[in-house]
Amino acid sequence: MTPLKKRAISGPPFEFANPYEGEYHVAAYDVETYPNYFCAVFIGPKNVPKVYTMENLDQLRADLNNPKLILIGFNNNNFDDYVLKLIVSKPAVTCREIYELADDIIAGDSNKRSKLYWNLWRMAPPWAFSLDAFAVPNAKIGLKERAAKRNWKKIQDLPIAPGSTINAMQRGPLVKYCENDVRVTIAEWNDAQEHFAIRRHLAEQYPGTDVLSKHDAGVCEEIITTLYCQRTGQMKKFVKSQIPKGGGAIAMCDAVPDLVDYDSDVLTDLLGELLGAEGKFVYDGHEKQFTIDGQKFYKNFDLQYLNINLGSGGLHTNDKPMIEESDAKSVIVDVDVASYYPNIIRALELRPKHLGPEFNEILEAITTERLAAKAAGEKVKADGMKIVINSAFGKTGNKYSILFDELVQLQVTLAGQLMILMLIESLLKAKIKILSANTDGVLVKLPRMRLPQLKKIMRGWERTTGQALEDVEYSKYIRRDVNNYIAVKADGTTKEKGVFKKHIRGKAPIIAEAVRKYFIDGIEPLAWIEVEDDVRRFIFYAHVSGKFKLKFDQGARGDTPLQNTSRWYVSKGVALVEGVGYYPSENSGRVIKFGEMTENERLRYKNTHGEADHPNNWIKSERIANGANAVMINNAIPERVPEDLNRNYYIRQAQEIINSIRHEACTK
């Protein structure tokens with residue numbers, strides 16, 4: 001058994017890890033705009049906040065007029081930079097003009113932006129350039145949720161509603177709020193150094209591209225578009241004008257590669273059914289799906305002892321709880337296809353219909369150059385080109401991309417599933433035990449003496465499909481289902497998904513950690529959780545957006561509005577009153593999410609209940625998971641584990657996950 005020990009967890013970084021980039025220096029910043037008040041907070045290499053308001057805009061202009069200055073912001077490429085450009089370009093700018101520009105950007109239709117906006121868009125800044133910590137590597141979650149995720153000392157929404165008239169007493173809190181956001185931005189910048197280094201290298205490698213603050217898919221789009229236009233002599237505007245419209249009918253026989261062939265009746269019949277089908281892509285408001293006769297493309301079938309789902313979302317086996325270990329005689333092997341989707345495009349020479357063979361030449365050249373860079377140990381270069389290669393497929397489904405082509409999108413996804421079924425069939429014929437399978441890989445367990453046979457099957461599949469397989473041995477494999485598992489590699493590192501992940505959005509890390517410790521090291525959740533003395537491991541958080549809000553329901557004491565991003569720990573729900581005993585705690589309550597019903601939800605309610613009105617004025621409420629007996633800690637994280645922390649709650653949560661796997665795996 002691994003000995004119990006306390007893990008040191010470093011606090012959030014408040015300073016720049018690397019404030020200088022050669023001859024350049026960096027400064028993080030944020031701006032706040034109101035009809036009668038403007039402020040900007042900048043923090044540079046000295047880690048001292050510098051505040052600018054309408055009273056010292058001339059100083060701000062002077063500081064920005066620096067070709068050696070790199071600005072770091074959060075979503076600044078879409079907002080804050082425009083405000084700074086306006087201030088720089090118009091010495092007599094008024095507070096109202098700054099606010100109106102900001103309001104135009106935030107609330108306005110991007111297709112109806114003002115002439116001023118587009119003039120600023122075209123304007124070159126007097127500083128070196130800006131980097132956006134929101135976009136790199138992927139623009140997924142906002143700053144407040146990122147702060148919660150990294151256990152920032154204070155989680156704070158904008159303290160004063162947009163559009164308010166600011167009085168003298170409110171200016172200080174706004175500046176403090178702004179500074180807090182800048183500090184979080186610095187932390188995001190520090191963690192994204194590797195990604196920014198890759199983008200700087202790509203910008204040098206491909207002159208004329210603008211990739212410094214683009215997410216991975218944006219980097220791919222920019223580089224491939226630029227290279228295609230350079231090779232063909234076409235203008236970007238012309239190439240984009242050729243992007244086809246989606247939603248047309250697609251014969252599935254056009255999406256199935258000729259190399260697909262099966263021996264089993266089940267798969268032969270499946271292939272025949274697909275070859276005779278026709279469908280189209282439909283966007284249902286949430287996601288894009290391939291449909292046949294108005295229904296989502298989906299097939300479920302049995303292949304010997306495997307139950308398999310195939311569809312527009314990919315292929316996977318339906319897996320039950322399992323615990324497997326390698327030993328001296330047998331071994332678990334994960335067989336994965338390397339860069340499956342981009343390599344399908346290369347091997348089958350697929351390309352969007354409106355693009356010429358230059359597209360395939362570009363993708364082939366980038367792949368060849370990346371492999372050479374990887375072999376030469378040029379990690380930054382190789383990783384940068386990998387971003388371009390791996391993001392190409394995703395762009396085939398984006399109607400705004402020059403790579404958009406729904407037939408290619410279907411060809412890649414369908415070919416990937418049908419070819420992996422060929423590998424599955426070969427393994428089953430050889431009586432190699434398959435533990436699990438998905439679109440790009442198969443997990444098997446076999447006697448070690450049969451490894452040469454596995455390799456032979458792999459090589460044969462590679463020759464047929466033009467793909468490359470990689471294999472990794474696992475010492476242990478534990479799963480609840482196909483989306484929740486952990487695999488331990490021979491070197492002790494792990495591959496996790498679902499409830500086993502180290503960081504699960506909004507969840508207290510101690511729960512998944514206790515589950516991992518149980519299955520890997522044999523430590524009971526009680527033993528692990530009882531000795532943990534870092535309260536950050538016990539924090540839950542929730543984030544809502546759009547029409548939804550959060551509130552804190554304390555029963556008879558009433559409701560309290562919460563920030564859109566809020567965090568808490570689960571308490572015992574009682575407090576010890578000295579000399580009296582335990583009483584319901586005044587600090588605890590339940591976290592509730594509420595918001596207006598959609599039109600479909602209203603119609604469903606009317607049809608179900610036969611009533612035209614709703615008792616809560618068409619407002620729906622739902623309890624947030626793990627939000628009962630919550631004690632809110634948005635303003636500060638306790639220095640010590642609170643006395644009312646309900647460790648038993650966290651132990652039960654971990655134990656429930658363990659039991660759902662252990663009991664079913666042992667009785668299968």
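The values are calculated or read from the model by the stated rules, or taken from the named source; none is laboratory data. Since the model is a prediction, treat every value here as computed from it, not as a measurement. Cβ: placed from backbone, ideal geometry, glycine included. Neighbour counts: every protein chain shown. With ligands, DNA and RNA removed, areas are computed over all heavy atoms of the protein, side chains included. Shrake-Rupley method; radii C 1.70, N 1.55, O 1.52, S 1.80 Å.
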**Complete:** Whole-percent carbon and sulfur contribution to the accessible surface of segment 261-312 (1.4 Å, no ligands, DNA or RNA) stands at 46 percent
**Request:** Taking only protein heavy atoms into account and a 1.4 Å probe, give the accessible area per residue of the chain in Å².
**Result:** 49 Å²
**Asked** Hull surface divided by four, with the convex hull built on the Cα atoms of segment 344-497: how many nm²?
**Response** 11.1 nm²
**Complete:** Neighbours of HIS503 by Cβ distance under 11 Å: Lys/Arg at +1, Asp/Glu at -1, summed charge +4
**Prompt:** What shape does segment 327-412 have by the C-alpha gyration tensor, where a ≥ b ≥ c are the square roots of the eigenvalues, rounded means a/c under 1.5, and otherwise prolate means a/b greater than b/c and oblate the rest?
**Reply:** oblate
**Complete:** Checked against the positive end of the charge dipole of the chain (+1 on Cβ of Lys and Arg, -1 on Cβ of Asp and Glu, about the Cα centre), the farthest of ILE105, LEU526, TYR485 is LEU526
**Asked** Can you list the aspartates and glutamates whose alpha carbon sits under 14 Å from that of LYS620, skipping same-chain ones fewer than 8 residues off?
**Response** GLU596, GLU599, GLU601
**Asked** Counting pairs on different chains as well as pairs 8 or more places apart, how many Lys pairs in segment 302-412 have Cα atoms under 28 Å apart?
**Response** 10
**Asked** With respect to the cross-link table entries LYS46/LYS502; LYS68/LYS112; LYS429/LYS501; LYS153/LYS507; LYS144/LYS551; LYS299/LYS476, which display a Cα-Cα separation exceeding 24 Å?
**Response** LYS46/LYS502; LYS68/LYS112; LYS429/LYS501; LYS299/LYS476
**Request:** For segment 516-668, count all C-alpha to C-alpha pairs, find those more than 19 Å apart, and express that count as a whole percent of the total.
**Result:** 65 percent
**Item:** Inter-site label distance for GLU204 and THR493 at 7 Å from Cα along Cβ, in nm
**Value:** 2.7 nm
**segment 26-113, accessible surface, carbon-and-sulfur percent (1.4 angstrom probe)** = 48 percent
**Cα lying deepest toward the dipole's positive end in the chain, options PHE38, PHE16, GLN563, charges on Cβ** = PHE16
**Item:** aspartates and glutamates whose Cα lies under 18 Å from that of LYS495, excluding same-chain neighbours fewer than 8 positions away
**Value:** ASP319, GLU324, GLU325, ASP334, ASP336, ASP440, GLU470, ASP471, GLU473, ASP481, GLU513, ASP521
**Asked** So what's the net charge close to TYR34: Lys and Arg +1, Asp and Glu -1, counting the other residues with Cβ under 11 Å from its Cβ?
**Response** 0
**Asked** Can you list the aspartates and glutamates whose alpha carbon is less than 14 Å from that of LYS593, not counting same-chain residues fewer than 8 positions off?
**Response** ASP553, ASP559, GLU622
**Request:** Sticking to Cα atoms, compute the Rg of segment 95-182 to one decimal and its Dmax as the biggest Cα-Cα distance, whole number, in Å.
**Result:** 15.9, 42
**Asked** Assigning unit charges at the beta carbon (Lys, Arg +1; Asp, Glu -1) and nothing else, what dipole magnitude in debye, to the nearest 20, does segment 100-177 show about its Cα centre?
**Response** 380 debye
**Item:** the chain - mean residue ellipticity at 222 nm from DSSP helices (-39,500 (n - 2.57) per run, n ≥ 4, rounded to 500)
**Value:** -12000 deg cm²/dmol
**Request:** Select from the chain the helices, each a whole stretch of DSSP H, whose alpha-carbon atoms run 27 Å or more along the helix axis and whose Kyte-Doolittle mean is at least -0.5; answer none if there are none.
**Result:** 406-429
**Complete:** Taking a ≥ b ≥ c as the square roots of the Cα gyration tensor eigenvalues, with a/c under 1.5 meaning rounded and otherwise prolate when a/b beats b/c or oblate if not, segment 450-518 comes out prolate
**Request:** Once you have a ≥ b ≥ c as the square roots of the Cα gyration tensor eigenvalues for segment 156-268, tell me rounded if a/c is under 1.5, and otherwise prolate or oblate according to whether a/b is larger than b/c.
**Result:** prolate
**Message:** If I model the chain as equal point scatterers sitting on the Cα atoms and use the Debye formula, what is log10 I(q)/I(0) at q = 0.07, 0.10 Å⁻¹?
**Reply:** -0.60, -1.26
**Message:** If you take every residue apart from GLN234 with its C-beta less than 14 Å away from the C-beta of GLN234, what net charge results, scoring Lys and Arg +1 and Asp and Glu -1?
**Reply:** +3
